[in-house]
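Working notes, structure below.
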Amino acid sequence: MYNDEKLNICMSILNDCISKYYKKYGSYDKHFLLEFIPCSNNEKKILETCVKNILETFEISIISENVLYWTIVYYYYNTIVLEYNVVQLFHQHRMRRYIEMKTTELKYKENNTELDKFLSVKIDNEDVELITSLMLQIAYSDEKWATTIRQNILT
């Protein structure tokens, strides 16, 4: 079943993480790392449609809900939002480490509301492999679910 809050959390975390990444590295080579434009609510409808599609395709008992949401959000960011060169520098392991770092920071600050949000979309090393695998299936598979997601995102 589609979870709007989970999609919002994933989008928010990825926007925040990439924005901080740009602040740190964007000044080294302005031609290589162009200004980041975060994913907004305008794109959310597309992501919502794609998440619903992938949730219909895979059983949550086999692949976790977090993996499915992160797969769609990552695929979208890698395909549409991020510049081509940045995709090579920014990957799922960095996101996993970012979530862990923010979780520790939020625990220290005793910010339980934000902490719960981060914990609700936490990904593990095994999840990173599954996300990458599913992203490749979306990119290259001729199966109807993958084609539908590509068409939704690329139109």
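Every number here is computed from the coordinates shown, using simple stated rules; none is lab data. Only a predicted model underlies this, so the values are computations on that prediction, with no experimental measurement involved. Quick reminder, even Gly has a Cβ in these numbers, built from the backbone with ideal geometry, and neighbours come from all protein chains shown.
For the reader, a short list of remarks on this structure follows.
- FRET efficiency, THR113 to GLU43 (Cβ-Cβ, R0 22 Å, nearest 0.05): 0.30
- Förster-model FRET efficiency, 30 Å R0, SER133 and LYS20, C-beta, rounded to 0.05: 0.65
- Among the listed pairs LYS102/LYS122; LYS44/LYS107; LYS20/LYS52; LYS20/LYS102; LYS45/LYS102, a Cα-Cα separation exceeding 19 Å is found for LYS44/LYS107; LYS20/LYS52; LYS45/LYS102.
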